[in-house]
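Remarks on the structure that follows.
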Amino acid sequence: MAKIKLNGKEVQLGSSVRTVLDLIREHKLVPDNVVVEHNLKILPRSKWKDTEIREGDHLEILSFVGGG
């Protein structure tokens with residue numbers, strides 16, 4: 001279980017969260033509607049399933065909401 005910064009807050013991840021994609025799924029986010037910044041770099045969606053989250057990582061998840 002890693003301790004990370006998620007959207008500016010320190011959080012402890014559960015044992016089932018190992019990758020960025022796991023984190024997206026745990027938060028019930030729609031992958032097509034979010035952008036992930038991992039340690040100050042935008043992480044392409046194609047790398048989410050292979051990018052492991054490690055102790056001390058910084059992640060920002062931005063969700064897009066349509067409206068008019």
Across the chain, how many lysine pairs separated by 8 or more positions, or lying on different chains, have Cα atoms within less than 18 Å? 4
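Tell me the net charge near residue 5. Cut-off is 10 Å between Cβ atoms, residue 5 excluded, with +1 for each Lys or Arg and -1 for each Asp or Glu. It would help to have the intermediate numbers written out before the result.
Details: positive: 3, 9; negative: 10, 57, 60.
With Lys, Arg at +1 and Asp, Glu at -1, the net is -1.
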³J(HN,Hα), Karplus 6.51/-1.76/1.60, whole Hz, each residue of region 19-35, x for Gly, Pro: 10, 4, 4, 4, 5, 4, 5, 4, 8, 6, 8, 8, x, 6, 10, 10, 10
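Determine the gain in length on full extension of the stretch residue 64-residue 2; use 0.36 nm per residue of separation and subtract their C-alpha separation, reporting nm with one decimal. If you can, show how the numbers build up before the last one.
Values: separation 62, 0.36 × 62 = 22.32 nm, distance 2.67 nm.
The residue 64-residue 2 span can extend by a further 19.6 nm.
According to the square roots a ≥ b ≥ c of the eigenvalues of the Cα gyration tensor, what is the shape class of region 3-63, taking rounded for a/c under 1.5, prolate for a/b larger than b/c otherwise, and oblate for the remainder? Before the final figure, lay out the partial values.
Details: a/c = 1.36, a/b = 1.22, b/c = 1.11.
It comes out rounded by the Cα gyration axes.
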Between residue 32 and residue 11, with labels modelled 7 Å along Cα→Cβ, what's the label distance in nm to one decimal, could you check? 2.3 nm
Amide hydrogen neighbours beyond the local backbone of residue 6, cut-off 5 Å, H modeled: 11, 59
Given charges at beta-carbon only (K, R positive; D, E negative), |dipole| of region 3-63 in Debye: 60 debye
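Each reported figure results from applying straightforward, stated rules to the coordinates on display, with no laboratory input. Computed from a prediction, not measured in an experiment: that's the story for all the values here. Here Cβ is always computed from backbone atoms with ideal geometry, including for glycine, and neighbour counts include all displayed protein chains.
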